[in-house]
Amino acid sequence: MSGPAFRGRVLEGDMEERAIGVVGLGTMGSGIVQLIAQAGFRVKAVEAGREALARGMRRVREGLQRILEKGKIDEEAMEAALSRISGGTEMAESLAECSLVVEAVPEDAELKRSVFSEMDRVCAPETVLASNTSTIRITSLASATRRPDRVLGTHFLYPAPAIPLVEVIRGRETSDDTLHRGIEFLKACGKDVVVVNDSPGFAINRLFIPFVNEAFFALQEGVATAEEIDRACRIGLAHPSGPLTAADAFGLDVVLAVMRVLHKELGEKYRPAPLLVELVEGGRLGRKTGRGVYEYDTA
Ligand SMILES: NC(=O)c1ccc[n+]([C@@H]2O[C@H](COP(=O)([O-])OP(=O)(O)OC[C@H]3O[C@@H](n4cnc5c(N)ncnc54)[C@H](O)[C@@H]3O)[C@@H](O)[C@H]2O)c1
């Protein structure tokens with residue numbers, strides 16, 4: 001895909017030609033930047049510091065390189081996508097001209113609320129603010145702004161460029177117009193959407209993360225080895241990687257954060273597996289730290 005695919009309500013009137021912002025270029029944000037740039041939008045990426053920004057931009061390039069090697073895009077499309085992305089460390093500079101901003105900072109309610117408050121301060125009043133949160137209530141993030149009607153959830157799944165679905169979360173105050181603008185933007189990125197209400201874990205994580213958590217219980221109780229649990233789910237359930245490999249890719253800290261919210265809000269049956277807690281406390285967070293359930297070659 002190339003060219004300015006972004007048309008319609010998000011860019012109506014003087015919004016035309018405005019860019020999309022992405023705040024936080026980690027596991028998810030870097031994939032979201034890649035996807036949006038490939039879809040033809042200009043992207044303004046914001047990170048917390050110079051080093052994190054360089055790391056995030058490197059991840060975006062590596063993501064494009066991977067699909068280039070698979071023959072899904074050519075060199076020209078890759079360079080065109082990269083040319084649409086600009087990175088910075090100051091929200092005020094980067095986000096002023098954005099019509100929609102996707103927040104993808106770590107799953108910490110206080111951090112996200114402060115980022116939403118800052119985005120609200122620096123963005124134009126009509127800008128839509130979206131969160132990629134896995135579990136935090138959109139209504140709570142919206143209440144940190146003066147535009148709760150222009151806040152919604154856009155829950156991309158890992159890896160964002162490849163998974164065709166995005167969960168759209170409607171907060172208590174989200175207006176119909178904001179919902180439509182969000183959906184229109186996601187469709188322009190080639191995504192299918194489901195609209196869900198603002199409840200713990202929304203739909204996908206409410207169903208999938210307890211399954212991953214159960215795999216940690218099975219592993220700690222010696223039901224089977226990690227490899228066999230994953231192999232059983234790949235072959236028997238048609239899961240692409242198996243739950244333990246998936247957990248390493250998401251980040252075990254992210255899996256645990258989701259389970260903690262489900263546990264707190266929905267009760268005992270969502271208790272995090274002790275093995276999962278132990279691995280996170282020991283710094284084994286998965287691929288991003290080189291060790292999780294499995295060991296990775298980080299050289
Ligand atoms: N990892 C997954 O598989 C997955 C899947 C779906 C949704 N999510 C959600 O996406 C969000 C991001 O998760 P992630 O796994 O990409 O986290 P991550 O830790 O990999 O990346 C977060 C990035 O945000 C940056 N950051 C922190 N504070 C910032 C600030 N004030 N301004 C700008 N950048 C800042 C960090 O430097 C880091 O690079 C979370 O809400 C998570 O729950 C994650």
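Of all the listed residues (Glu51, Glu62), the sole one being under 19 Å from Phe156 (Cβ atoms) and either among the β-branched types (Val, Ile, Thr) or free of Cβ contacts under 8 Å to residues at least 12 places away in the same chain (or both) is Glu62.
Filter the range 98-109 for residues that are within 7 Å of the ligand (Cβ to nearest atom) and in contact with a strand residue (DSSP E or B) (Cβ under 7 Å, 6 or more places away or on another chain); which is farthest from Leu152 (Cα to Cα)? The qualifying residue farthest from Leu152 (Cα to Cα) is Val105. Looking at the range 274-287, I want the residues that are in contact (Cβ under 8 Å) with a residue 12 or more places away in the chain and part of a loop (DSSP other than H, G, I, E, B) and have a partner that is of a type in the set (A, V, I, L, M, F, W, C) and crowded, with 21+ Cβ neighbours inside 10 Å with Cβ atoms under 7 Å, at least 6 apart or on another chain. Which pairs are those? If the second residue must be of a type in the set (A, V, I, L, M, F, W, C) and crowded, with 21+ Cβ neighbours inside 10 Å, the pairs left are Arg284/Leu252; Leu285/Leu252. If you check Ile229, Ile204, Ile209 for being on the phi < 0 side of the Ramachandran plot and surrounded by fewer than 20 Cβ atoms within 10 Å (Cβ to Cβ), only one passes: Ile204. Looking at the range 40-59, can you tell me whether even one residue there is under 15 Å from the mean Cα position of the chain (by Cα), within 16 Å of the ligand (Cβ to nearest atom) and either in a helix (DSSP H, G or I) or modelled with pLDDT under 95 (or both)? Checked against the condition, which is being under 15 Å from the mean Cα position of the chain (by Cα), within 16 Å of the ligand (Cβ to nearest atom) and either in a helix (DSSP H, G or I) or modelled with pLDDT under 95 (or both), the range 40-59 yields at least one hit. Inside the range 208-266, residues that are among the acidic types (Asp, Glu) and within 19 Å of the chain's Cα centre (by Cα) make up a count of 2. Name the single residue that is surrounded by the most Cβ atoms within 10 Å (Cβ to Cβ) among those in the range 110-162 being over 11 Å from the mean Cα position of the chain (by Cα) and within 10 Å of the ligand (Cβ to nearest atom). Ranking the qualifying residues of the range 110-162, first place goes to Met119. Remark: Asp253 matches the filter, which requires a residue to be among the acidic types (Asp, Glu), within 15 Å of the ligand (Cβ to nearest atom) and part of a helix (DSSP H, G or I).
Would you confirm, using the coordinates I've provided, whether Glu76 is more than 16 Å from the ligand (Cβ to nearest atom), in a helix (DSSP H, G or I) and out of contact with any strand residue (DSSP E or B) (no Cβ under 9 Å at 6 or more places or on another chain)? Yes, satisfied.
Restricting to the range 174-201, count the residues that are of a type in the set (D, E, K, R), surrounded by 21 or more Cβ atoms within 10 Å (Cβ to Cβ) and within 16 Å of the chain's Cα centre (by Cα). The total comes to 0.
The values are calculated or read from the model by the stated rules, or taken from the named source; none is laboratory data. Everything numeric here is computed off the predicted structure, so don't read it as measured data. Every residue, glycine among them, receives a Cβ derived from its backbone with ideal geometry; neighbour counts consider all protein chains shown.
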